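Here the structure is laid out as structure tokens; the discussion comes afterwards.
Derivation of every value follows stated rules applied to the coordinates shown; laboratory data play no part. Fair warning: this is a prediction, and the values are worked out from it, not measured in the lab. Counting neighbours? That spans all protein chains shown, and the Cβs are built from the backbone with ideal geometry, glycine included.
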Amino acid sequence: MKILEILTAPDPRLLQKALPVEKVDNSVRKLMDQLLEIMYFKRGLGLASVQVGIHKRVAVIDLGEREGVPFKPLLMANPELLWVSPMTQRTEEGCLSVPGYYAEVVRPLEIRVSYLDENNKKQELEARGLLADCIQHEIDHLNGILFIEHLSFLKRKIISNKLIKEKKYTKGDL
Ligand code: NI
């Protein structure tokens, strides 16, 4: 089995849009499992297939335990925002593809999303707060958008210049 690796910025594959899956079959379920495994290993809250160089509209999220209640991992294929609230929230975001950088991003506070679950069943979910933020972050990935795109031009420039420099510097070690 091919071992999947997380791509990091400025890898151009992160800016490529993913294509919808026809249905959630065994191969898509396997991809969902692999994404979960890497996400847990890297201690992320979410992971989109684009981040491992697979351009299918598949993403997973696990917020862990929330106020004592275990969160059931959310496995999504073809997630689509049906509605977003006019009210926004400001959340500090990070990303496994932009390691070491965190910044506040403004996004709608509440959303309604449709997706195919691991059993190929169409689901609709209303989310707010952190979950709404994560879902929007992962859908962005499937559209080839990194969270730093939501920052001001100057902030984005500073982060991407640092990332480019770091990559050059560590190239020999990888
Ligand atoms: Ni991310």
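Hey, could you check segment 74-99 for residues that are within 14 Å of GLU138 (Cβ to Cβ) and surrounded by fewer than 17 Cβ atoms within 10 Å (Cβ to Cβ) and say which is nearest to the chain's Cα centre (by Cα)?
GLY94
Hey, does segment 121-128 have a residue that's more than 14 Å from the ligand (Cβ to nearest atom) and surrounded by 18 or more Cβ atoms within 10 Å (Cβ to Cβ)?
There is at least one residue in segment 121-128 that is more than 14 Å from the ligand (Cβ to nearest atom) and surrounded by 18 or more Cβ atoms within 10 Å (Cβ to Cβ).
Residues of segment 9-67 being among the hydroxyl-bearing types (Ser, Thr, Tyr) and more than 15 Å from the chain's Cα centre (by Cα), which ones?
Of all residues in segment 9-67, those among the hydroxyl-bearing types (Ser, Thr, Tyr) come to 27, 40, 49.
Matches in segment 9-67: SER27 only.
Hey, can you tell me all the residues within segment 58-117 that are polar (S, T, N, Q), within 25 Å of LEU151 (Cβ to Cβ) and more than 14 Å from the ligand (Cβ to nearest atom)? Full working, then the answer.
Just the residues of segment 58-117 that are polar (S, T, N, Q), to begin with: 78, 85, 88-89, 91, 97, 114.
Now narrow it down to the ones that are within 25 Å of LEU151 (Cβ to Cβ): 85, 88-89, 91, 97.
If the condition is that a residue be polar (S, T, N, Q), within 25 Å of LEU151 (Cβ to Cβ) and more than 14 Å from the ligand (Cβ to nearest atom), then SER85, THR88, GLN89 are the ones that fit.
Restricting to segment 98-145, name every residue that is touching a residue at least 24 places away in the same chain (Cβ under 8 Å), touching a strand residue (DSSP E or B) at 6+ places or on another chain (Cβ under 9 Å), assigned to a loop (DSSP other than H, G, I, E, B) and at negative phi.
Matches in segment 98-145: LEU109, ASP117, GLU118.
Tally up the residues in segment 32-73 that are out of contact with any Asp or Glu (no Cβ under 8 Å at 6 or more places or on another chain), in a loop (DSSP other than H, G, I, E, B) and in contact (Cβ under 8 Å) with a residue 60 or more places away in the chain, please.
Total meeting the criteria: 2.
For LYS167, all conditions in the list (1) in contact (Cβ under 8 Å) with a residue 60 or more places away in the chain; (2) within 16 Å of the ligand (Cβ to nearest atom); (3) in a helix (DSSP H, G or I); (4) not aliphatic (A, V, I, L, M) hold save one; what is the number of the exception?
(2)
Considering only residues that are aliphatic (A, V, I, L, M) and free of Cβ contacts under 8 Å to residues at least 12 places away in the same chain, look in segment 146-164 and name the one that is nearest to the ligand (Cβ to nearest atom).
ILE158
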